[in-house]
Each structure stands twice: as structure tokens, then as C-alpha cells.
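Written out below as C-alpha cells is the structure these notes cover.
Readers should treat all values here as calculations from the given coordinates under stated rules, not as data from a laboratory. In this text the structure is predicted, and so the values were computed from the model without any measurement. Because the Cβ atoms are built from the backbone with ideal geometry, glycine has one as well, and the counts that use them run over all protein chains shown.
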Amino acid sequence: MIPAFSFLAGLIFGTGLCLSGMIQQSKVLGFLDLAGRWDPSLAFVMGGAISVGLVVFSVASTRTAAGNGSDISLKRDIDRRIVTGSLIFGVGWGLSGICPGPGIALLAFGSSQAITFVVAMLAGMLIFELIGQFQDTETQDKAIEDY
């Protein structure tokens with residue numbers, strides 16, 4: 001049952017991206033062009049998403065505290081990994097005009113730019129996992145040496 005609800009949520013999200021025009025690179029790049037013809041419509045979409053997210057995460061956190069919800073990270077530290085990841089995301093978004101959600105939605109239209117973007121995104125995720133595994137192994141080796 002959960003996969004059906006997950007698929008439905010993704011379908012609704014993708015439909016919202018299409019209807020709002022957020023899969024159009026020109027719309028995203030227009031939002032990021034503060035010195036030129038700035039298009040504030042993306043800010044309204046973001047504001048709507050943030051308001052819904054605040055409510056959903058508030059409800060989810062009370063369910064998690066009661067022991068019947070999903071795991072939500074309680075980590076609130078801003079560390080090097082968060083800053084680096086944010087910078088990479090921002091640079092990629094600014095250069096391509098595509099972020100992960102719209103990139104996946106654009107795949108449905110057969111966009112060659114979306115295919116390139118999603119392949120690059122998956123490669124970045126794989127590199128992140130490999131680096132994480134390398135660092136975990138290095139940490140374990142150091143712990144064994146210290147023992």
C-alpha cells in the first residue's frame with residue numbers, strides 16, 4: 001500500500017511542477033536573474049511548498065515522538081558537508097536551470113538536457129556514497145589502530 005501512496009504523491013508533485021511551469025528552465029533562470037528581468041513566481045511556489053512542509057513536518061515530528069511515525073533526523077548542525085552540498089546544488093541549479101524534482105519530471109517529456117542532468121545527478125550521488133564508504137572504512141581502520 002505504501003508504494004501506491006508514494007507513487008500517487010510523486011504523481012501529484014510532478015503534476016504540480018508541470019502546472020506551475022517550474023520544469024521550464026527559463027522560469028528558473030528568470031528567478032535567479034536578480035540583475036535582469038527577475039521573475040518572482042518561483043518564490044511563491046517555494047513559499048507554498050515551505051508552508052505545507054512546515055505543517056507536515058510538525059505533524060510528523062509529533063508522531064515520531066509518540067513512537068508511531070517515520071524517522072526524522074534530529075541533527076540541526078550546519079557542518080562542512082551541508083555547506084558543500086548546498087553550494088554544489090546551487091551552482092548546478094544556476095548553471096542548468098534544473099533541480100532534481102523538475103529534472104525527473106522532464107524525463108517524462110524525453111528532454112535530452114534532463115537526461116544529461118539526471119545522469120550527472122546520479123553520478124554525483126554515487127561519488128558521494130563512495131566517498132562516504134571510504135571515509136567510514138578509514139575511520140574504522142583508525143579505531144582499530146587506536147584500540
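Summary table below
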item: Label-to-label distance, nm, for residues given as residue 43 and residue 115 (7 Å Cα→Cβ offset); result: 3.7 nm
item: Nearest-0.05 FRET efficiency for residue 131 and residue 76, computed from C-beta distance (R0 25 Å); result: 0.60
item: Rough spin-label spacing in nm, given labels placed 7 Å along Cα→Cβ, for residue 62 and residue 11; result: 3.0 nm
item: Sites residue 83 and residue 26, calculated FRET efficiency, Cβ-Cβ separation with R0 30 Å, nearest 0.05; result: 0.55
item: Net length gained if the chain between residue 34 and residue 50 were fully extended (0.36 nm per residue, minus Cα distance); result: 3.6 nm
